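The values are calculated or read from the model by the stated rules, or taken from the named source; none is laboratory data. Since we're looking at a predicted model, the values are computed, not measured. Note that we place each Cβ from the backbone using ideal geometry, even for glycine, and neighbour counts take in every protein chain shown.
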Amino acid sequence: MGDKVKIQIKNVSKVFGDHPERAIDLLNEGYTKDEIMEKTKLAVGVAQATFDVYEGEIVVVMGLSGSGKSTLVRCINRLIEPTAGEIIIDGTNVLDLDEKELRKFRQKYFGMVFQHFALFPHWSVLRNTSYGLEIQGVDKAEREEKAMRALELVGLKGWEENLPSQLSGGMQQRVGLARALALDPEVLLMDEAFSALDPLIRSDMQDELINLQEKMKKTILFISHDLDEALKLGDRIVLMKDGAIVQIGTPEEILTNPADDYVRKFVEDVDSSKVLTAESVMKKSEAVAYLKSDGPRSALRKMRRNNLASLFVVDDKHKVVGILNVRDVARNVNKGKDVISDIIDKEITQVHLDTPAHDLFNLMENSKYPLAVVDDEKHLKGVIVRGSLISMLSKQGVTDVE
């Protein structure tokens with residue numbers, strides 16, 4: 001995920017009905033969707049939505065039916081015309097484009113995947129996949145080559161001559177995804193894309209999207225009513241209610257700091273251990289031994305001062321090289337030794353910052369020491385001990401931790 005803002009959604013509202021500006025004035029005065037309906041008989045679909053989407057990020061817009069999430073995503077490519085606000089993509093305000101400019105902009109920027117696959121039943125998988133390119137007037141050889149590449153990407157190589165009726169639901173949705181990817185869009189808009197699938201196939205498609213995203217690094221706006229799906233897929237989640245955004249945050253932020261009772265109710269049945277990561281349950285390491293500068297005496301002093309039975313050892317770049325056991329250190333002090341290099345135990349378990357908390361229990365079972373939490377460069381960032389792991393998860397209402 002990059003630091004560049006790809007999409008800026010600024011104060012976007014959509015009102016259905018005649019003279020919608022009346023509702024915009026009331027929104028500006030702080031009236032709710034229901035109050036506006038009562039006063040004006042106008043339906044507010046989206047109320048003053050504002051958020052940014054970064055390049056290469058998956059943002060899941062979620063909420064219950066009627067929350068405005070699908071209306072919002074359709075405003076972004078102007079399948080639905082917003083009533084007010086700005087939608088800026090790579091510096092272009094989409095709402096300023098005339099019909100011809102909008103068509104060209106859509107072709108370059110947007111791929112869309114819907115809940116219903118919308119495949120032509122009498123066309124082959126290959127032709128269905130290349131349909132968007134066909135509309136754009138791309139010649140047959142080039143569009144088929146791009147379509148084949150997209151089918152290979154979603155795991156459907158070898159199925160290109162089949163008809164949709166010869167494919168399972170999950171495979172048909174892969175064709176829908178391939179059709180969007182064949183356009184090589186800057187932004188993928190996915191509206192309840194996996195909702196029509198059986199739970200197991202749905203889970204597989206979610207995994208597939210995560211794997212694809214590692215290769216493609218697309219900017220993806222994913223619409224869902226399913227919190228577990230949002231937590232699994234989203235780098236960040238935009239939670240909507242009654243057309244308005246009630247909270248924006250990472251899965252962990254939504255889970256650990258719900259903005260209000262509505263969000264709290266939404267997240268109360270979620271298994272936090274599947275969402276929380278090693279970073280959120282680790283203790284910042286109070287003390288470490290330095291390979292070059294610490295001897296047994298200084299290591300023992302650090303262990304006693306911090307009440308530790310073991311102490312991680314790092315090199316001069318703060319990378320973990322192993323761990324010291326208090327008995328071995330004390331023995332070496334008694335022997336008058338002045339180096340720790342020969343008593344370092346290198347049999348330690350390292351976990352990444354984003355390792356799910358759910359996976360940490362098994363790792364702890366098989367490790368005689370605390371777990372070392374490291375970043376991509378293997379720098380020590382923190383330590384996980386069993387007690388603090390159970391304590392953190394019990395605060396989040398997870399009881400099944402054995």
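Annotations
- Checking each residue in segment 72-95 for being in a helix (DSSP H, G or I) and either closer than 15 Å to LYS108 by Cα or among the charged types (D, E, K, R) (or both) picks out ARG74, ILE76, VAL94.
- Taking the criterion of being modelled with pLDDT of 80 or more, assigned to a loop (DSSP other than H, G, I, E, B) and over 24 Å from the mean Cα position of the chain (by Cα), the residues of segment 360-384 that qualify are LYS368, TYR369, PRO370.
- Whenever a residue of segment 245-264 is in the same structural domain as VAL46 (by TED's automatic domain parsing), its partners that are modelled with pLDDT of 85 or more and of a type in the set (Phe, Trp, Tyr), lying with C-beta atoms within less than 8 angstrom and at least six residues away or across chains, give the pairs ILE245/PHE51; ILE248/PHE51.
- Test: residue in segment 16-27 that is touching a helix residue (DSSP H, G or I) at 6+ places or on another chain (Cβ under 8 Å), touching a residue at least 24 places away in the same chain (Cβ under 8 Å) and surrounded by fewer than 21 Cβ atoms within 10 Å (Cβ to Cβ): yes
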